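Below is one structure; the comments refer to it alone.
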Amino acid sequence: MTADPDFTPKERDLIRREFMRRLSSARSVHEGFLLRRWSTGARKGEPKLPAAVQSLLDRGLVTLADLDRRWPVARFTPARFRALRRMAADRRAFDVESHA
């Protein structure tokens, strides 16, 4: 793993969608991505990982947290916040009106 990897286009899209302002407030990047769970089958109860989240997990950019709630979360590792700050500094990456 490199010291400060860039995000793939799918990962950037996921980040923009997840942390977009909705109903006058935006979700904090510290809260992480909400994940669903498998409801049936051999993986019942395990988190469903979208391809972009799986990619982030495989590269060590996020960790999974099951907070004994209904929804598990994928949270960025502390070192990855540098890459997020760099992404947020790019005006093309985030629209100021829709992201806090």
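Structural remarks
- Cβ-Cβ under 7 Å pairs, at least 6 apart or on other chains, the range 1-14 side at pLDDT below 55, far side part of a loop (DSSP other than H, G, I, E, B): Met1/Arg59; Met1/Gly60
- Taking the range 41-70 as the range and being in a loop (DSSP other than H, G, I, E, B) and either charged (D, E, K, R) or closer than 16 Å to Ser28 by Cα (or both) as the test, the residues that pass are Arg43, Lys44, Glu46, Lys48, Arg59, Asp66, Asp68, Arg69, Arg70.
- Checking the range 77-84 against the condition returns a match, with at least one residue being surrounded by 11 or more Cβ atoms within 10 Å (Cβ to Cβ) and either part of a loop (DSSP other than H, G, I, E, B) or modelled with pLDDT of 90 or more (or both).
- Looking only at the range 26-56, and only at residues there that are more than 10 Å from the chain's Cα centre (by Cα) and among the hydrophobic types (A, V, I, L, M, F, W, C), the one that is surrounded by the most Cβ atoms within 10 Å (Cβ to Cβ): Leu49
The values are calculated or read from the model by the stated rules, or taken from the named source; none is laboratory data. All values reported here derive from a predicted model rather than from experimental measurement. We place every Cβ from the backbone using ideal geometry, glycine too, and count neighbours over all the protein chains shown.
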